[in-house]
Amino acid sequence: MPPQLVHYQTEVEYRNHYEDKYCRSSIYTFDGFRIFFPKQQFDDAFFESANRLKRDKSVFSRRRAERMDWIGAALQDSTAELYAGWDRDKKMVNYNRRVTLVYGDYVVILNLNLKKSSAIFITAYIADAGTITKIRGGPKWEQKKV
């Protein structure tokens with residue numbers, strides 16, 4: 001069961017919540033990775049592109065921001081589905097990227113540094129059925145493969 005949605009009036013309030021909850025805290029995954037949340041990732045995680053082809057991330061997404069507290073819960077969920085990420089530029093599987101799928105359609109993507117048992121938060125979003133099919137069609141993430 002996901003956490004309750006976060007409700008604020010302004011983008012600034014959501015940004016402050018992200019920085020307080022994630023950037024200024026020590027967050028770990030259920031399997032021990034320390035996750036770092038760069039402040040600038042707010043713009044990637046909680047904005048959407050007005051034009052998907054340009055990938056411009058120019059429109060604030062209240063729908064994404066309201067689920068902000070789901071990120072931490074997803075990363076700490078030992079029953080989450082874990083998949084290897086996809087490098088869209090190289091068009092190949094990337095085991096240093098980990099895709100966490102929870103609550104049926106919620107995705108959190110991390111860029112892993114296995115030597116340091118840490119990761120950087122990349123983004124989080126509600127995936128459509130086609131994206132979920134692609135994710136589940138890829139290889140499961142396993143640390144031993146990296």
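The values are calculated or read from the model by the stated rules, or taken from the named source; none is laboratory data. Computed from a prediction, not measured in an experiment: that's the story for all the values here. All Cβ positions, even for glycine, are placed from backbone atoms using ideal geometry, and neighbour counts span all protein chains on display.
Worth a mention:
- For Glu13, the conditions (1) exposed (fewer than 15 other Cβ atoms within 10 Å of the Cβ); (2) in contact with a Gly (Cβ under 9 Å, 6 or more places away or on another chain); (3) in a helix (DSSP H, G or I) all hold with the exception of (2).
- Selection count where residues are modelled with pLDDT of 95 or more and among the aliphatic types (A, V, I, L, M), scope the range 46-79: 6
- Selection status of Asp44, touching a residue at least 24 places away in the same chain (Cβ under 8 Å), in contact with a strand residue (DSSP E or B) (Cβ under 9 Å, 6 or more places away or on another chain) and of a type in the set (D, E, K, R): yes
- Considering (1) outside any helix (DSSP H, G or I); (2) closer than 16 Å to Thr123 by Cα; (3) not hydroxyl-bearing (Ser, Thr, Tyr), the lone condition that Phe30 does not fulfil carries the number (2).
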